[in-house]
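The values are calculated or read from the model by the stated rules, or taken from the named source; none is laboratory data. Since we're looking at a predicted model, the values are computed, not measured. Cβ placement follows ideal geometry from the backbone for every residue including glycine, while neighbour counts extend to all protein chains displayed. Accessible surface areas use protein heavy atoms only, side chains included; no ligands, DNA or RNA. Shrake-Rupley method; radii C 1.70, N 1.55, O 1.52, S 1.80 Å.
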Amino acid sequence: MEEFVEKSYLFDFYGELLTEHQRRIYSEINFDDYSAAEVARDEGISRQGVHDLMKRCDRILEDYEQRLHLVEKFLKIRNNVREIQKLTDTGDADNRADSSEMNRRMERIHGISSSILKEL
């Protein structure tokens, strides 16, 4: 997964578990495109302090994911729902599947939905 997207998911799921100070700086660096020098100046800390805080926040967020797997579960469920959408897309009237194909699709949908329910 692209690093920015991964950080976004981790922050979306676990960002509230950081302190207000950590959240603000992490957000400014990763999502508001501030430089470490700008944040350091605004916060009255060193650039090294900003870098250390960013590394600490990354470790904290990754640790939460390793313990709780919320991002992993979300992505798995999202992919399952997308697969269900594909299976239920019958296209136009000329391309409608025969009954055996529809039965196969329904069985697959049932299996995917069962998997989703187990995850929840």
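Summing +1 for each Lys or Arg and -1 for each Asp or Glu, what net charge is found among the other residues whose Cβ lies under 13 Å from the Cβ of GLU119?
The answer is +3.
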Per residue, how many Å² of accessible area does the stretch 1-109 show with a 1.4 Å probe? 70 Å²
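For the chain, what relative contact order do you get, as a whole percent, if you take Cα pairs closer than 8 Å and at least 6 residues apart?
Normalised by residue count, the contact order of the chain is 22 percent.
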How far, in degrees from 0 to 90, does helix 99-119 lean away from the longest principal axis of the Cα atoms of the chain, to the nearest 10? 30 degrees
Specify which residue in the list TYR34, LEU17, PHE4 is farthest towards the positive end of the charge dipole of the chain, using unit charges on the beta carbon of Lys, Arg (+1) and Asp, Glu (-1), about the Cα centre. LEU17
Of all accessible surface on the chain at a 1.4 Å probe, what whole percent is carbon and sulfur? 48 percent
For PHE11, PHE31, PHE4, the accessible-area ranking with a 1.4 Å probe, largest leading, is PHE4, PHE31, PHE11
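Given N residues in the chain, what is its alpha carbon radius of gyration divided by 2.2 N^0.38 Å? Mind dumping the intermediate values first?
Values: Rg = 21.6 Å, N = 120, 2.2 N^0.38 = 13.6 Å.
Ratio of Cα Rg to 2.2 N^0.38 Å: 1.59.
How about the stretch 10-106: which trypsin sites (Lys or Arg not before Pro) there lie in a loop by DSSP and see at most 14 other Cβ atoms within 10 Å? Numbers along the way, then the final one.
Values: sites: ARG23, ARG24, ARG41, ARG47, LYS55, ARG56, ARG59, ARG67, LYS73, LYS76, ARG78, ARG82, LYS86, ARG96, ARG104, ARG105; in loops: ARG96.
When the trypsin sites (Lys or Arg not before Pro) of the stretch 10-106 are filtered for loop state and at most 14 Cβ neighbours within 10 Å, ARG96 remain.
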Count of lysine pairs in the chain with Cα separation under 26 Å (8 or more residues apart, or interchain): 9
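How high is the FRET efficiency between ARG78 and LYS55 when r is their beta carbon distance and R₀ equals 35 Å, given to the nearest 0.05? Can you show the working numbers first?
Details: r = 29 Å, r/R0 = 0.82.
That gives a FRET efficiency of 0.75.
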Asserting the computed 222 nm helical MRE of the chain (DSSP H runs at least 4 long, -39500 (n - 2.57) per run, divided by residue count, to nearest 500) equals -25500 deg cm²/dmol
Under a plain spin-label model, where a point goes 7 Å from the Cα along Cα-to-Cβ, how far apart in nm are HIS69 and PHE31? 2.6 nm
Got a sec? Charge dipole of the chain, +1 on Cβ for Lys and Arg, -1 for Asp and Glu; which of GLY44, LEU61, MET106 is way out at the positive end? MET106
